[in-house]
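A quick write-up on the structure given underneath.
The values are calculated or read from the model by the stated rules, or taken from the named source; none is laboratory data. As the structure is a computational prediction, the values presented were derived from the model and not from experiment. Every residue, glycine as well, gets a Cβ built from its backbone with ideal geometry; the counts of neighbours run over all protein chains shown.
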């Protein structure tokens, strides 16, 4: 029997990343140990009202991950299942911090499976030190002029502080 060809495994880690946090980066670092290549896909997500524009979020994610070789950062505004199939991804990476995340993520995973049968959803947990962290919490702390350094990459902390100062009443 001839040896199997070594097919490169590509995964997609989608999100709004408003903003990217050290918890997101923890998931990226875990995913790059499991897959040959990782696409971090920044969603336009018309269903949310993000603090940062799509372009700003894309740039912040790109700059936050620029030292990782097997990662490509892209923007998207389509169905995730369609993007996964278009890129030839074998998996979608989703983060779980607590049991409360599971129900929503489970529903999304089932819908993505219905739309793209050959793409698996892989749930990863961030490092224990980031389990409590979310973009919403970071935004709230920043908008109330609390300390966010150490929760997000330095470039993101600067951008958040600038937004907070510009939104002062």
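Would you mind stating whether residue 155 is in contact (Cβ under 8 Å) with a residue 60 or more places away in the chain and not in a strand (DSSP E or B)? The answer is yes for residue 155. Against the criterion of being touching a residue at least 12 places away in the same chain (Cβ under 8 Å) and assigned to a strand (DSSP E or B), residue 30 does not qualify.
One residue stands out among those in the range 55-73 that are touching a helix residue (DSSP H, G or I) at 6+ places or on another chain (Cβ under 8 Å) and outside any helix (DSSP H, G or I): the one that is modelled with the lowest pLDDT, which is 68. Just checking, does the range 142-149 include any residue being in contact with a helix residue (DSSP H, G or I) (Cβ under 9 Å, 6 or more places away or on another chain) and assigned to a strand (DSSP E or B)? Within the range 142-149, one or more residues are in contact with a helix residue (DSSP H, G or I) (Cβ under 9 Å, 6 or more places away or on another chain) and assigned to a strand (DSSP E or B).
Here 138, 73 are screened, and the one residue that is touching a strand residue (DSSP E or B) at 6+ places or on another chain (Cβ under 8 Å) and over 19 Å from residue 31 (Cβ atoms) is 138. All conditions but one from (1) surrounded by fewer than 15 Cβ atoms within 10 Å (Cβ to Cβ); (2) touching a helix residue (DSSP H, G or I) at 6+ places or on another chain (Cβ under 7 Å) apply to residue 94; the one that does not is (1).
Within the bounds of the range 129-136, is there any residue that is surrounded by 15 or more Cβ atoms within 10 Å (Cβ to Cβ) and assigned to a helix (DSSP H, G or I)? The answer is yes; a qualifying residue exists. Buried (at least 16 other Cβ atoms within 10 Å of the Cβ) and in contact with a strand residue (DSSP E or B) (Cβ under 8 Å, 6 or more places away or on another chain): is that true of residue 112 in this structure? In short, yes. Within the range 86-115, if we keep just the residues that are under 18 Å from the mean Cα position of the chain (by Cα) and modelled with pLDDT of 95 or more, the residue that is farthest from residue 23 (Cα to Cα) turns out to be 87.
Within the range 69-84, take every residue that is over 14 Å from the mean Cα position of the chain (by Cα) and within 13 Å of residue 39 (Cα to Cα) and give me the one that is surrounded by the fewest Cβ atoms within 10 Å (Cβ to Cβ). Once the filter is applied, the top-ranked residue is 69.
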